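Engineer: Structure incoming, see below.
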Amino acid sequence: MARTNVENDIVLIKAIRSKDKKEVSVAFTALFNKYYKPILFHLRKSLNSNYDAEDLTAEIFSKAFENISKYNEESGAFSTWLFTLTKNSFIDKLRKKHEEKISLDEVVDADSEYGRQFPTNNISALKEIEDKERNNQLLKTMDKVFEKKPHLKQTLMLKYFENMSYDEISKELGIPVGTIKAYLYRAKNMMKIELEKIHFTL
């Protein structure tokens, strides 16, 4: 008898919890591919902004991967848990947007499916900057921004300071490529907001 969608999800979640790097990557990518478009479509309609929808969708999958241990299959389907997470994240975004009143410009990132670029120039250009004071300021800002999210800083450093590919980072950290992209997207936007506050330009 063929498995139901709920049963398939539980099998994938158990694989993620197994901590086996290969199984985790395959399982999370499967969940990512299954639910990414439905969530993105839902958020596009709610936010009326492709940029905001992509941003929030990436954040949701990042949260889902970080908190997968909190999901209890006995309390309901994984899809219900994921869409509850989506609803709560949507409400949080609206509240923060109202409180902070921050408007971010859209920019193009040629190497990312998420279609956004780190502020004005690729962060790899930092290697060509000789001004140590500026570099130190940037690194201090990163320490501040990612104080409670070291995994985002680590991913950002590997991608733009170590020039590692998505696949290389995935192997290094033992997490799926989809999660790497979600981490990078969140990290770049968090840095952009903080750098704008201090009028720092690359």
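Engineer: Filter the range 1-45 down to residues that are surrounded by fewer than 16 Cβ atoms within 10 Å (Cβ to Cβ) and of a type in the set (Ser, Thr, Tyr), then give me how many there are.
Structural biologist: 2
Engineer: Something else: Look at the range 62-84 and say how many of its residues are among the hydrophobic types (A, V, I, L, M, F, W, C), closer than 20 Å to Lys148 by Cα and out of contact with any Ser or Thr (no Cβ under 7 Å at 6 or more places or on another chain).
Structural biologist: 2
Engineer: Identify the residue in the range 164-200 that is hydrophobic (A, V, I, L, M, F, W, C) and part of a loop (DSSP other than H, G, I, E, B) and, among all such residues, is surrounded by the fewest Cβ atoms within 10 Å (Cβ to Cβ).
Structural biologist: It comes out as Ile198.
Engineer: Additional query: Here's a check for you: in the range 146-176, which residue that is over 20 Å from Val24 (Cβ atoms) and acidic (Asp, Glu) is nearest to the chain's Cα centre (by Cα)?
Structural biologist: By that ranking, first place goes to Glu147.
No lab work stands behind these numbers, since they all come straight from the coordinates. If you're wondering where the values come from, they're calculated on a predicted model, not measured in any experiment. With ideal geometry, Cβ positions are generated from the backbone for all residues, glycine too; neighbour counts draw on all protein chains shown.
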